[in-house]
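The structure appears below as structure tokens.
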Amino acid sequence: MAEEGEQDQGERKGLEGTRELSLPANRHCHIRSASSDQQLKEILDEIKTSKTPVVINYGASWCRVCSQILPSFCELSNKFKKLSFVYADIDECPETTQHIRYTPTFQFFRDGEKVDEMFGGGEQRLHDRLWLHS
């Protein structure tokens with residue numbers, strides 16, 4: 001059993017794979033993390049029937065801008081409670097993210113349809129876009 005626990009700690013994925021970053025506590029549990037193609041497909045299927053607005057942050061662990069904006073993304077998930085937040089690492093979901101050309105990419109969904117997209121970082125830009133879609 002100890003061997004299993006050691007393996008789990010060594011292979012963290014999704015938001016847990018960003019352990020070198022200091023992420024704020026997510027008290028409202030608004031962030032879901034997709035750490036496999038199957039998980040992301042399930043989330044995308046749920047979005048199609050959801051009435052809740054959703055924002056997906058497509059990032060990568062090696063992307064400097066992604067690492068800079070991720071703590072803000074987490075903080076903003078606590079502020080914009082009417083939105084659902086999703087984080088997907090493009091390296092962990094290569095099949096379902098092959099359409100993503102820039103990281104970070106933020107996609108905004110309303111009533112199951114993609115209504116907006118934002119490329120790159122910038123905390124104020126992200127805040128304003130989230131305000132617009134909340």
### Task
Look through Cys74, Cys93, Cys63, Cys29 and report the one residue that is at pLDDT below 95 and over 18 Å from His133 (Cα atoms).
Cys29
### Task
Could you please find all residues in region 44-65 being farther than 13 Å from Tyr102 by Cβ and surrounded by 15 or more Cβ atoms within 10 Å (Cβ to Cβ)?
Leu44, Glu46, Ile47, Ser50, Pro53, Val54, Val55, Ile56, Ser61
### Summary
Counting only residues in region 83-111 that are exposed (fewer than 14 other Cβ atoms within 10 Å of the Cβ) and either within 17 Å of Val54 (Cα to Cα) or among the basic types (Lys, Arg) (or both), the one nearest to the chain's Cα centre (by Cα) is identified as Arg101
### Query
Name the residues in region 96-134 that are more than 15 Å from Asp45 (Cα to Cα) and assigned to a loop (DSSP other than H, G, I, E, B), would you?
Gln98, His99, Ile100, Arg101, Tyr102, Thr103, Pro104, Gly120, Gly121, Gly122, Ser134
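The values are calculated or read from the model by the stated rules, or taken from the named source; none is laboratory data. Since this is a predicted model, take the numbers as computed values, not measurements. Here Cβ is always computed from backbone atoms with ideal geometry, including for glycine, and neighbour counts include all displayed protein chains.
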